[in-house]
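Notes follow the structure.
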Amino acid sequence: MTDARTNLLNLLDQAEALVTDWQITTKTIGQIINSYRDQLTNLVYDVFNGNSDPIDFRRAHKALLREDAPQAYIEGLREGGIDELDDDDKAAMDEKVNDWLSEQVTFVNDFAKAIGEARKDKTQRQAILDRVVLWVDSLRSLGELGRAYALGNVKADWQLGDRNTHTEDCIALSKRPAHRVSWWIERGHTPPIHLGCGCRLRNVKTNETIMGE
Ligand SMILES: [Zn+2]
């Protein structure tokens, strides 16, 4: 392979990665949910119409779950204020998404079987479509978990108040780097820490006061 061709392929790979990132970053929970609902509904109708069968459905539904679950969670994080995931965020996300997936996957076989039965018996089809709504609600709740996590993990730093009464403790705290709100609370570093302490915990991103004056 020539160097020029290698370079071109590398560039294409990079472009593809950029497009993939862009697609993830521009979706909202609502968009991912809608896309999941549409794709799942199409998969169901493919079985109803004889274009697919329950075995293919099962495979496709599992693939769809694996693809959309992390996206829904990441979007929830983003809506809650976390744009860049650190190692803690990633670990929490892996746990939540894997728990969710392993639970969901246990219902896929049964759903596929019911769809196969509804292919033969049209009176059962509405019940299947009602179940699609439940699947969609479940993905939405995973996205909400991400959002709730992010809101509880806002990064904050210690800002000295503009009074001249700070103790050494206040000054030491103000020199600490930003940490999650939960980090400050767990250590009891919550303003005010002495009489007349005008310090505050500040959301480093929005500059809003989370605690204190
Ligand atoms: Zn203070």
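Let's see how each residue does on (1) of a type in the set (A, V, I, L, M); (2) not assigned by TED's automatic domain parsing to the domain that holds PRO70:
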| site | (1), (2) |
| --- | --- |
| VAL132 | yes, no |
| ARG140 | no, no |
| GLY143 | no, no |
| GLY146 | no, no |
| THR167 | no, yes |
| ARG180 | no, yes |
| TRP184 | no, yes |
| ARG187 | no, yes |
Task: Selection within segment 72-87 - buried (at least 23 other Cβ atoms within 10 Å of the Cβ) and either closer than 13 Å to TRP100 by Cα or of a type outside the set (Gly, Ala, Ser) (or both) - done: ALA72, TYR73, ILE74, GLU75, LEU77
- [ ] Just one of (1) within 16 Å of the ligand (Cβ to nearest atom); (2) free of Cβ contacts under 8 Å to residues at least 24 places away in the same chain; (3) assigned to a loop (DSSP other than H, G, I, E, B) trips up ILE171, so point out which.
- [x] (3)
Open item on the list: With the requirement that a residue be modelled with pLDDT of 90 or more and among the acidic types (Asp, Glu), what does segment 60-88 give you?
Closed with: GLU67, ASP68, GLU75, ASP87
TODO: With respect to GLU144, determine if the residue is surrounded by fewer than 18 Cβ atoms within 10 Å (Cβ to Cβ), modelled with pLDDT of 95 or more and either small (Gly, Ala, Ser) or part of a helix (DSSP H, G or I) (or both).
DONE: no
Task: Total residues in segment 38-72, condition among the aromatic types (Phe, Trp, Tyr) and either assigned by TED's automatic domain parsing to the domain that holds ARG180 or over 20 Å from THR106 (Cα atoms) (or both) - done: 2
- [ ] Assess whether ALA91 counts as being hydrophobic (A, V, I, L, M, F, W, C) and surrounded by fewer than 19 Cβ atoms within 10 Å (Cβ to Cβ).
- [x] yes
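Quick grid of which residues meet (1) within 30 Å of GLU208 (Cβ to Cβ); (2) in contact with a Pro (Cβ under 6 Å, 6 or more places away or on another chain); (3) among the aromatic types (Phe, Trp, Tyr):
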residue: GLU79; (1), (2), (3): yes, no, no
residue: GLU84; (1), (2), (3): yes, no, no
residue: ASP89; (1), (2), (3): yes, no, no
residue: LYS96; (1), (2), (3): yes, no, no
residue: ASP99; (1), (2), (3): no, no, no
residue: PHE111; (1), (2), (3): no, no, yes
residue: LEU134; (1), (2), (3): no, no, no
TODO: Look through TRP100, TRP158, TRP184 and report the one residue that is of a type in the set (Phe, Trp, Tyr) and either within 13 Å of the ligand (Cβ to nearest atom) or surrounded by fewer than 18 Cβ atoms within 10 Å (Cβ to Cβ) (or both).
DONE: TRP158
TODO: Could you please tell me which pairs satisfy a Cβ distance under 7 Å, a separation of 6+ or placement on different chains, a first residue in segment 185-201 that is at positive phi, and a second residue that is near the ligand (Cβ under 9 Å from one of its atoms)?
DONE: GLY196/ARG163; GLY196/THR165
Task: Filter result for ASN153 (touching a Ser or Thr at 6+ places or on another chain (Cβ under 9 Å), more than 16 Å from the ligand (Cβ to nearest atom) and either farther than 30 Å from ALA72 by Cβ or in a loop (DSSP other than H, G, I, E, B) (or both)) - done: yes
TODO: Give the residue that is surrounded by the most Cβ atoms within 10 Å (Cβ to Cβ), with candidates limited to residues of segment 191-206 that are part of a loop (DSSP other than H, G, I, E, B) and more than 11 Å from the ligand (Cβ to nearest atom).
DONE: VAL204
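The values are calculated or read from the model by the stated rules, or taken from the named source; none is laboratory data. Treat the numbers as computed from the prediction; the structure is a model and nothing was measured. All Cβ positions, glycine included, derive from the backbone under ideal geometry; neighbour counts span all protein chains shown.
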